[in-house]
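Remarks on the structure that follows.
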Amino acid sequence: MEVRRLNSEDLDAIVKIHSSAFPDFFLTALGARFLTKYYSFYLDDKHVALVCIDGVEIMGFAVGSHNIEEFYCELSNRKMYFLPSILLNVFNWQLWSKIFKRAMSIIFKKRVNDDKVNLKGYCELTSIGVSADHQNKGVGKTLLNAFEVVCFESECAGIYLTTDQDNNESVIEFYKRSGYDIFKEFKQGKSRVMLIMKKDKCNKTDRGEDSDLMPFIPYALPLTDENEINEVIDTIRSGWLTTGPKTKQFEKDFSEFVQAKYALAVNSATAGLHLGLEALGVGAGDKVITTVHTFTATAEVIRYLGADPVFVDIEGDSFNIDCDEVEAALIAHPEAKVIMPVHYAGQSANMTRIMALAEQYKVKVLEDAAHAVPTTHQGKIIGTFGDITVYSFYANKTITTGEGGMLVTNNEEYAKRVSCMRLHGISKDVFDRFTSTKPSWHYQVVAPGFKYNMTDIAASLGIHQLKKAWQLQERRKEIANKYSNAFNDLPVVTPLIINEDDVHSWHLYVLQLNIDEISISRDRFIEILAEKGICTSVHYIPLHFHPYWQETYSLSKADFPRSSKAFTRIVSLPNYPKMTDEQVDKVISVVRNVLKEYRLSA
């Protein structure tokens, strides 16, 4: 079934189709996120057409053709619920009651009496009514505006749309009797849209307090405050926006943080990896050993230099690079120059073993630490195990500069090469050229370098993000622990901690679904969470699943079985310091409910 975003044309079409056949109709909705399919039936010579959200709830009903038993049996099979709300024919209690009781008796296998009809007992209702001047131009647009508020400001609020002013008071009275009140209104022409919320929720919103009506939870958001804002403003006012004093300050602070002699800021971790490999002497025809379970940037920088990646599989538990396979690759490819491990999700790879292999086989080590601020291995912070280490400060990372990265090393020659190559291969510091009080216009290009420098605007963010790195990590850890404790009785595998004494940055919280114990796929699980207002991700689609890597190196999805198996099971849940406790609780509740609903019986 096609799932697509609700738009004004859809809504106008609904109004036109139904109103052309029937003088009055009502549409009810819960969440109102996707318009996907119609169902309909006859009851007491009244045509009732329903629109539903695929696999979740009934989206609505309208007065106006199929068998009701067949319809509700299908709903029951799909674990969908009938959520009747506003009455047909302007609060025709009798007809509405018949529909409600009939639906409940089929779904719950028991009769429901009038005195058991309780709005609060079934759902927070979203209702839309259209009557009289139903073909009024612009109804769809007005309705869409209201839907946007429902979806993103006040999920599960109620909506009532009318073009018949005579009915407004009865609508309001109906909701007030049921414990609801008007929260917000939209008007366009003769159309009037009223957002309906429970009175206690209206009061919370009016006071600016958190509401139980929670918006969509994004996968990741950065946490910044006035310190970052003021530093950026100060940079703009200074007149020096590109690489300058703020970048130098950030580099100094970061080198101290990871206890490295040299730290060089760049405009992305991808740039840092490229520069790092170039400084290590990787060139055309060389080989670099790395994991297949990573973002493509890890491997693509190898190709930038004309070299070739030698892919290896991951450990089946931590998803970090498998050191036994690294050694096998070193034996099979004695010409390999570099090992490039990835500290997956923020947990350190086995750097003790990797460094021993590097020494034994005389190769260099470049650490992809995009996830690893702060992370430790054997009590030592990641940054100076390998010859070069590169970090990412992308917007969703543990600390952020929006876009940016940092390369660190204890090797002076590598640092000099990177410093030169990150800005066109120019032999002197550009900041010094433009701030010197003496003529300093002359420079020399000593190599065909790149444009990889960080701006002072970005560094302004990094200076203060770095100061909060441990605080941000602690919040991520708190959320991760809460998840793991809440999910330990479900058909899942929670992230494995290799060494409890080490620091895990918790850039990612990766849950593994026990696919053989549930009746839905990983992809369907993600879709259901999205329908319920939670954004997730997958880390990663293995490189051997992508056409470029398959075609270039004759790879198939059957290769690297541990990574391939992990891909079908993993889902990354939101885990970031800006999440509220209420948002964390919602994620837990939804995940638990979905997995319990679709868990196969033993």
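The values are calculated or read from the model by the stated rules, or taken from the named source; none is laboratory data. Values in this document were obtained by computation on a predicted structure and should not be read as measured data. Backbone-built Cβ (ideal geometry, glycine too); neighbour counts: all protein chains shown. When the accessible area is computed, the model is the full protein with side chains, heavy atoms only, and any ligands, DNA or RNA have been set aside. Shrake-Rupley method; radii C 1.70, N 1.55, O 1.52, S 1.80 Å.
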Quiz item: When the residues of segment 265-296 are filtered to those that are of a type outside the set (A, V, I, L, M), touching a strand residue (DSSP E or B) at 6+ places or on another chain (Cβ under 9 Å) and in a loop (DSSP other than H, G, I, E, B), which remaining residue is surrounded by the most Cβ atoms within 10 Å (Cβ to Cβ)?
Solution: HIS293
Exercise. Could you list all residues from segment 570-602 that are small (Gly, Ala, Ser), surrounded by fewer than 19 Cβ atoms within 10 Å (Cβ to Cβ) and outside any helix (DSSP H, G or I)?
Key: SER601, ALA602
Exercise. Answer yes or no: is there a residue in segment 471-480 that is of a type outside the set (Lys, Arg), farther than 21 Å from ARG592 by Cβ, part of a helix (DSSP H, G or I) and open to solvent by 20 Å² or more (accessible area, probe 1.4 Å).
Key: yes
Quiz item: Of all residues in segment 309-356, which are out of contact with any Gly (no Cβ under 9 Å at 6 or more places or on another chain) and among the acidic types (Asp, Glu)?
Solution: ASP313, GLU315, ASP317, ASP324, GLU325, GLU327
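For segment 243-264, does any single residue satisfy the condition of being under 26 Å from the mean Cα position of the chain (by Cα), at pLDDT 95 or above and not in a loop (DSSP other than H, G, I, E, B)? I'd like the intermediate steps shown before the answer.
Kept after step one, since they are under 26 Å from the mean Cα position of the chain (by Cα), are these residues of segment 243-264: none.
No: segment 243-264 contains no residue that is under 26 Å from the mean Cα position of the chain (by Cα), at pLDDT 95 or above and not in a loop (DSSP other than H, G, I, E, B).
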Exercise. Those residues that are within 17 Å of ILE381 (Cα to Cα) and touching a Lys or Arg at 6+ places or on another chain (Cβ under 6 Å), I need them from segment 479-508; list them, please.
Key: TRP506
Self-check item: Single unsatisfied condition, GLN512 versus (1) within 18 Å of LEU221 (Cα to Cα); (2) within 18 Å of the chain's Cα centre (by Cα)
Solution: (1)
Practice problem: Among the numbered conditions (1) more than 30 Å from LEU223 (Cα to Cα); (2) among the aromatic types (Phe, Trp, Tyr); (3) open to solvent by less than 40 Å² (accessible area, probe 1.4 Å), tell me where TYR553 comes up short. | Solution: (3)
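In this structure, is TYR344 under 24 Å from VAL493 (Cα atoms), open to solvent by less than 40 Å² (accessible area, probe 1.4 Å) and out of contact with any helix residue (DSSP H, G or I) (no Cβ under 6 Å at 6 or more places or on another chain)?
On the way: under 24 Å from VAL493 (Cα atoms): yes; open to solvent by less than 40 Å² (accessible area, probe 1.4 Å): yes; out of contact with any helix residue (DSSP H, G or I) (no Cβ under 6 Å at 6 or more places or on another chain): yes.
In short, yes.
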Quiz prompt | Near pairs, Cβ below 7 angstrom, 6+ apart or cross-chain, from segment 297-322 (over 21 Å from ARG569 (Cα atoms) and open to solvent by 30 Å² or more (accessible area, probe 1.4 Å)) to any residue that is assigned to a strand (DSSP E or B) and modelled with pLDDT of 95 or more | solution = ASP308/LYS287
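Please work out if GLY281 is under 18 Å from GLU412 (Cα atoms), touching a Leu at 6+ places or on another chain (Cβ under 7 Å) and among the small types (Gly, Ala, Ser).
Working: under 18 Å from GLU412 (Cα atoms): yes; touching a Leu at 6+ places or on another chain (Cβ under 7 Å): no; among the small types (Gly, Ala, Ser): yes.
Criteria not met by GLY281.
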